[in-house]
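Chemist: The structure under discussion is supplied below as structure tokens; questions concerning it will follow.
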Amino acid sequence: MPIDRRPSFLSRRGFLAIAVVVAGCSGLVPSFADAQTAHASGEPILLGVSGPLTGQNAQYGAQWKAGFDLALDEIDGAGGIKGRPLQYDFEDSQSDPRQSVAIAQKFVADKRIVVEVGDFSSPASMAASPIYQRAGLVQFGFTNSHPDFTKGGDYMWSNSVSQADEQPLLAEYAVKDLGLKRLAVLYLNTDWGRTSKDVFVKTTQDLGATVVATEGYQPDEKDYRSTLVRVREAKPDAIILISYYSDGALIAQQVRTTGIKLPIVAVSSVYSPKFLELGGDAVNGVYTTSNFFPGDPRPEVRNFVEHYQAKYGKEPDAFAARAYDTIILLAQVIRDSGTDRKAIRDGLAKVKDVPSVVFGKVEFDPQTRRVTGAKQTDLVVKDGQFAVWDGTKPVVSN
Amino acid sequence: MISFPSADAWLDYTINGLIVGNIYGLLAIGLALIFGVSHLINFAHGSVYTVGAYIGWAAITYLGTPLPVTMLLVVLGCGLLGIAIERIGLRPLQGSARIAPLLATIGISFVLDQIVQLVFSPDPRGLATDLPDWRIQIGSGTIGPLDLLIAAIGIGSAALLFGFLRFTKLGWAVRATAQDRDAAKQMGIDVDAVNRTVFAIAAALGGLSGLLVGLYYNHIDPGMSFQATLKGVVAQVIGGMGNVPGAIVGSLLLGLTESYGVALFGTSYRNLFAFLLLIIVLVLRPNGLFASRRQAPPEPMTGTFIAPSRPIALPRWLVPGLTLAAIVLPLLVDAPYLLQTLTNAWLYAMLALSLTLVAGTVGQISLGHAGLLAIGAYASALLALRLDLPVGLSIPLAGIVTAALGTLLIWPAFRLRGHYVSIATLGIGEIVALVILNWESLTRGPIGLSGIPPLELPHLPLESTTATYWSALAVLVVLGLLQSRLLKSHLGRTWRAVRDDDIAARAYGVSPDRYKGLAFAVGGFSAGIAGAITAHLYSYINHETFTSQVSILALTMVILGGLGNLVGAVLGAVLLVGLPELFRVTVEFRVLIYGVALLLLIRFRPQGLLGTV
């Protein structure tokens, strides 16, 4: 093969120049730990956060940050923790266990870090658990509903809404309140979706309803038409979505374009302004629940929603609320127990009545290291807005 | 388990399959066009598709453009992007091995995806259409104007391309270049101009499909590119690589297969059927369903796929010296983060050793190595959890299980060559992950396996960071020495003979299939051990632990180090595990910088850092 000797348009030097520019731009980004403007002064107290900022789950990492930053503003505005500002070091794991274990070692060795938060997915979180457990640093998994997460050791704690807690409430809403009897369940085929589906199916059967179809779909799926034909063939009187907001909105749309007029009931994870934006007209009439609601009279909810709207100019969603709650809770524990890593673990077992958007008041079961008793408001989407369910039952057409 | 739907349901499944196939078609045409001309699987195609969707979103949101104008802007923007990709990523690599541009497209896709995410945030966005809201009832579902538009653009562009290739001078030049680049050059064809045209057309089509699919689902997000590339590649392989009309039929078939798979077995089996179809087509009709009998057999890739280059001669003391330094490192520094990162690197190095053997020494570029890792991990975890075998026994057993299962699974792909092997192994890797997801009685499906015991030998727990580090390093050294000994034996020579010219090797009485089988067995053993150690290190695995991105990463390591080069494989693993950690200070920019670094490395060392062996 002859070798092309003509000089190419982009020489080696040109290529290097581009690389230098790109690398240079990156220097402009301050790291998160510095970005906080601290009202409180003194040595900062540092939380380590391991979560996705790039890759497939980056959108959830962005929601976390929104919730964290709001909580930190509030804590620092109120003088920090005994005068010291609370800050976090957010390390991007891409929800990849290979990276989350390295991050775990980094946090464990960094003496300034008093407690760790995350990761997002179960494989990434639970792969890092042995490292946190051995080193005696609390791993606080606030989205980790996997039933085995806190079994990793006595340093694994979680205030994630337990599916054993949430699904029965959803089942009661669907079966008892809405009067639905033949259910088709579509669930995200991950550990969360699968666990949720199992609990939901069991409770609905106890309540006397029949589950006529269960379909698990992959997180990167975009097309659900064939799944919906399968659902229709099972002749349900409602469709249950165990989904996040983006896939939930896609399914709701396709339910309508495939001409299915059944009522849709969705889990609280779809509670997000994005669900309304992505779903458009198709999500009108979707029944769902939420741990909090802007009209909620509880002071912690009003406070959270108002401040969130003021800071970001949009409605908060379920992920941001859980992130916010977590920082408020950890700040309280550090305030009560000090900054020693072991003292924080012991403090988690003792903490009582911390106000929470999701739970009302937080208290851990020291055996399971989880929180129970999530608040739940029954909602329905009306004219493109979430509204409190007014007690009207759906008209079941077929 | 299997359910048989009613007759009207069949009609609906068929229509749905065609609707989805229609969408895959738009992607597959662009991929087919590029493959037809430059024999390159363009892994950046999905990223161009994402960019197209976002250009469209920006035009609609900020400029309020009507659909025809939006489409025009997307076509122009992505056409220019295609020209830029050809210019920056691929033209400088002309004359180097085919594998280098493949890697370049992977690097470009990292960079593009990351730029989109940085500019537009990772949040998904809605992309509302201003098309009229009428719908036609077909079966029990409906189709709207977008369905028709997508079909019209798919079929229309295929027809236009067909005409262009058949009846215009530039089209002839494109086909001449596709058939024989050097001869085309001698006939006075400006091959660069041809390539530029092809990339511009393909990228414009890719971007347009991103826009249309985004409108269709009212949903775009920066993570949508990988799945798009994957489905597009599968569709065009079914239709015949490089065959433009075939790509459309292949896409429709793929859509139908998925839809019928859902109909018979349920949603979680959908992709399993897609990849099974791929493997069946590759085994029975490796040139695609629509290859004519007259068509020349696939180009003998022997000798051209992997760049001949002289490996860099390392001083004799260097490797033993570095190994010694690695061994004493934990005694000198107290840095668990560094040790953990290096432990990860050693584990990936085992995977890279395995891949450099099958891809470098034997010439079978595998894109499904994560599947082997997963088999090893599940085998060892299940042996330890269910049968209470000690970890010291379950890990080597897992290596043997992986060697056997891996060879068996890849057996059907042995008759394939070049790119077809890569695609077949990609499919096999996906099938392994999907079987793990669906075989719940064994694997607990998405719930995964938790409580996997940590590393230990009898009376010797190895769970501390340092002990894990030494264990992984020791296994790596043993596997590396073993492989290096094999390569020096007659077996190594035979493997290289199969790679360099399998027809000549056969003439000498060598049976390539058996030697490929041996290579996959040896490679499967290393990969299985790596997976097994990983499982005990993580304590929890599920079907998402070893994704197809891991396969691509492993291949990148191997190519970066120099195909077939053992020390190169380890170096590649250390670099590609280490660099993203090193770039951590740059937060969201780190994947972007990683992509640029990768592109630079390919640009200046297309034969790999240490050269192929």
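Chemist: Using only helices, what value at 222 nm comes out for chain B when you add -39,500 (n - 2.57) per DSSP H run of length 4 or more and divide by the total residues, to the nearest 500 deg cm²/dmol? All intermediate terms of the calculation are to be shown ahead of the outcome.
Modeler: Working: 24 runs with 416 residues, N = 613.
Using -39500 (n - 2.57) per qualifying helix, the result is -23000 deg cm²/dmol.
Chemist: Could you list which residues have their amide H under 5 Å from that of B:Ile41, counting only those 5 or more apart in sequence or on another chain, with H placed in the peptide plane?
Modeler: Here the answer is none, since no amide H 5 or more places off falls under 5 Å of that of B:Ile41.
Chemist: Rank these for me by crowding, B:Asp113, A:Asp336, A:Asp165, going from fewest to most other beta carbons within 10 Å.
Modeler: Values: B:Asp113 25, A:Asp336 15, A:Asp165 18.
In increasing order of surrounding Cβ atoms, one gets A:Asp336, A:Asp165, B:Asp113.
Chemist: Ok, one more. Put a dot 7 Å past each Cα toward the Cβ at B:Ala183 and A:Ala343; how far apart are the dots in nm?
Modeler: 8.2 nm
Chemist: Further, regarding this structure: Report the antiparallel proportion of the DSSP beta bridges in the protein assembly as shown as a percent, rounded to a multiple of 5. Working shown, then result.
Modeler: On the way: 21 of 55 bridges.
Among the beta bridges of the protein assembly as shown, antiparallel pairing accounts for roughly 40 percent.
Chemist: Which of B:Gly492, B:Pro446, B:Tyr420 sits closest to the plus end of the dipole of region B:389-548, meaning its Cα is farthest towards the positive end, when Lys and Arg get +1 and Asp and Glu get -1 on the C-beta?
Modeler: It is B:Gly492.
Chemist: Using θ = phi - 60° and the Karplus relation 6.51 cos²θ - 1.76 cosθ + 1.60, list the HN-Hα couplings for region A:200-208 in order, rounded to whole Hz, with x at every Gly or Pro.
Modeler: Using θ = phi - 60°, the values come out as 4, 4, 4, 5, 4, 5, 4, 7, x Hz.
Chemist: Also: I'd like the orientation of helix B:512-538 relative to chain B: the angle between its Cα long axis and the longest Cα principal axis, in ° from 0 to 90, rounded to 10.
Modeler: Long axis of B:512-538 versus the principal axis of chain B: about 80 degrees.
Chemist: So which of A:Lys65/A:Lys352; A:Lys311/A:Lys342; A:Lys151/A:Lys311; A:Lys176/A:Lys311; A:Lys106/A:Lys222; A:Lys274/A:Lys361 end up more than 30 Å apart by C-alpha? Don't jump to the answer; show the numbers that get you there.
Modeler: Working: A:Lys65/A:Lys352 26 Å; A:Lys311/A:Lys342 35 Å; A:Lys151/A:Lys311 37 Å; A:Lys176/A:Lys311 39 Å; A:Lys106/A:Lys222 37 Å; A:Lys274/A:Lys361 28 Å.
Listed pairs above 30 Å: A:Lys311/A:Lys342; A:Lys151/A:Lys311; A:Lys176/A:Lys311; A:Lys106/A:Lys222.
Chemist: In whole Å and largest first, what semi-axes does the C-alpha gyration tensor of region B:31-134 yield when each eigenvalue is scaled by 5 and square-rooted? Working shown, then result.
Modeler: Values: eigenvalues 177, 45, 25 Å².
Whole-Å semi-axes of the equivalent ellipsoid: 30, 15, 11.
Chemist: Can you give the Rg to Rh ratio for chain B, taking only C-alpha atoms and Rh from Kirkwood? Show your work: numbers first, answer last.
Modeler: Working: Rg = 24.5 Å, Rh = 25.2 Å.
The Rg/Rh ratio comes out at 0.97.
Chemist: Arrange B:Ser422, B:Ser354, B:Ser484 by Cβ neighbour counts within 10 Å, fewest through most, would you?
Modeler: Details: B:Ser422 24, B:Ser354 33, B:Ser484 14.
Fewest-to-most Cβ neighbours within 10 Å comes out as B:Ser484, B:Ser422, B:Ser354.
Chemist: Points 7 angstrom from Cα along the Cβ direction at A:Leu207 and B:Leu148: gap in nanometres?
Modeler: Using points 7 Å along Cα→Cβ, the separation is 4.4 nm.
Chemist: Taking the Cα centre of the protein assembly as shown as origin, work out the dipole magnitude from +1 charges on Lys and Arg Cβ and -1 charges on Asp and Glu Cβ, in debye rounded to 20. Before the final figure, lay out each step's value.
Modeler: Details: 78 positive and 75 negative charges, 652 e Å.
Magnitude of the dipole: close to 3140 debye.
Chemist: Which value, in debye to the nearest 20, describes the size of the charge dipole of chain A about its Cα centre when Lys and Arg Cβ atoms bear +1, Asp and Glu Cβ atoms bear -1, and nothing else is charged?
Modeler: On the way: 44 positive and 47 negative charges, 139 e Å.
I would put it at about 660 debye.
Chemist: Still on this structure, I have one more. Can you tell me which of A:Ala234, A:Ala252, A:Ala171 moves the most in a GNM of chain A? Springs connect C-alpha atoms under 10 Å apart.
Modeler: Maximum fluctuation in the GNM of chain A, among the listed residues, is at A:Ala234.
Chemist: Next question, about the same structure. Among A:Asp325, A:Asp317, A:Asp73, which one shows the highest mean-square fluctuation when chain A is modelled as a Gaussian network with alpha-carbon springs under 10 Å?
Modeler: Looking only at A:Asp325, A:Asp317, A:Asp73, the largest GNM fluctuation is found for A:Asp73.
Chemist: Which of A:Gln167, A:Gln105, A:Gln94 moves the most in a Gaussian network model of chain A with Cα springs under 10 Å?
Modeler: A:Gln105
Chemist: Between region A:69-86 and region B:31-78, what is the C-alpha centre distance in whole Å?
Modeler: Cα centroid of region A:69-86 versus Cα centroid of region B:31-78: 46 Å apart.
Chemist: Moving on. Considering amide H positions built from the backbone, and no H for Pro or chain starts, which residues 5 or more places from A:Ile81, or on another chain, come under 5 Å of its amide H?
Modeler: A:Leu86
Chemist: I'd like to know which of A:Gly373, B:Asn195, B:Gln549 lies farthest towards the positive end of the charge dipole of the protein assembly as shown, counting +1 on Cβ of Lys and Arg and -1 on Cβ of Asp and Glu.
Modeler: Of the candidates, B:Asn195 comes out farthest on the positive side.
Chemist: Could you give the angle, 0 to 90 degrees to the nearest 10, between helix B:548-561's Cα long axis and the longest principal axis of the Cα atoms of chain B?
Modeler: Taking Cα atoms only, the helix is inclined about 70 degrees.
Chemist: Across 10 Å bins from 0, what is the distribution of all Cα-Cα pair distances for region B:318-604, in whole percents?
Modeler: With a bin width of 10 Å, the distribution comes to 7, 29, 35, 23, 6, 0.
Chemist: Also: Take the alpha-carbon centre of region A:347-398, take the same for region A:106-161, and report the distance between them in whole Å.
Modeler: Region A:347-398 and region A:106-161 have Cα centres spaced 24 Å from each other.
Chemist: A follow-up question, please. If you place +1 on the Cβ of every Lys and Arg and -1 on the Cβ of every Asp and Glu, how big does the dipole about the Cα centre of region B:318-604 come out, in debye to the nearest 20?
Modeler: Details: 15 positive and 13 negative charges, 176 e Å.
Here the size comes out at about 840 debye.
Chemist: OK, next. From largest to smallest, what semi-axes in whole angstrom does the protein assembly as shown give when each is the square root of 5 times an eigenvalue of its alpha carbon gyration tensor? Kindly include the intermediate steps, with their values, before the conclusion.
Modeler: On the way: eigenvalues 370, 266, 150 Å².
Equivalent-ellipsoid dimensions as semi-axes: 43, 36, 27 Å.
Chemist: Under the rule of at least 5 residues apart or a separate chain, name every residue whose amide H is placed under 5 Å from the amide H of A:Glu215.
Modeler: Distant-sequence amide H within range of A:Glu215: A:Val185, A:Leu186, A:Tyr187.
Chemist: Further question: Apply the Karplus curve 6.51 cos²θ - 1.76 cosθ + 1.60, θ = phi - 60°, to the phi angles in region A:310-316 and return the couplings in whole Hz, x for Gly and Pro.
Modeler: 5, 7, 10, x, 8, 6, x
Chemist: Fewest first, what order do A:Asp110, A:Asp148 take by the number of other Cβ atoms within 10 Å? Before the final figure, lay out each step's value.
Modeler: Working: A:Asp110 13, A:Asp148 20.
Placing the least packed residue first, the sequence is A:Asp110, A:Asp148.
Chemist: Using only Cα atoms, locate the centre of region B:132-152 and the centre of region B:379-393, then give the distance between them in Å, rounded to an integer.
Modeler: Centre-to-centre (Cα) distance: 54 Å.
Chemist: Next question, about the same structure. Say R0 is 35 Å: what FRET efficiency, to the nearest 0.05, do B:Leu170 and B:Tyr62 get from their beta-carbon distance?
Modeler: Working: r = 35 Å, r/R0 = 1.00.
Given R0 = 35 Å and the Cβ-Cβ separation, E is 0.50.
Chemist: Which of the listed residues, A:Ile264, A:Ala331, A:Phe319, is farthest toward the dipole's positive end in region A:259-358, when Lys, Arg count +1 and Asp, Glu count -1 at the beta-carbon?
Modeler: Of A:Ile264, A:Ala331, A:Phe319, it is A:Ala331.
Chemist: A follow-up question, please. Where does region A:221-305 land on the Kirkwood hydrodynamic radius, alpha-carbon pairs, in angstrom? Walk me through the intermediate numbers first.
Modeler: Details: mean 1/r = 0.0731 Å⁻¹.
Hydrodynamic radius (Kirkwood, Cα only) of region A:221-305 equals 13.7 Å.
Chemist: In degrees, nearest 10, range 0 to 90: what is the angle between the Cα axis of helix B:566-582 and the longest Cα principal axis of chain B?
Modeler: So the inclination is approximately 70 degrees.
Chemist: Enumerate the calculated ³J(HN,Hα) couplings along region B:155-170 in order (Karplus 6.51 cos²θ - 1.76 cosθ + 1.60, θ = phi - 60°), each rounded to whole Hz, writing x wherever the residue is Gly or Pro.
Modeler: Going residue by residue, I get 5, x, 6, 5, 5, 4, 5, 4, x, 4, 5, 8, 10, 10, 4, 5 Hz, with x marking Gly and Pro.
Chemist: I need the calculated FRET efficiency for the pair B:Asp133 and B:Leu11, taking r as the beta carbon distance and R₀ as 22 Å, to the nearest 0.05.
Modeler: That pair, B:Asp133 with B:Leu11, gives E of 0.35.
Since every read-out is calculated from the coordinates, none of them should be taken as a lab result. In this text, all values refer to a predicted model and were calculated from it rather than measured experimentally. Cβ sites come from the backbone with ideal geometry, for glycine too, and all protein chains shown count toward neighbours.
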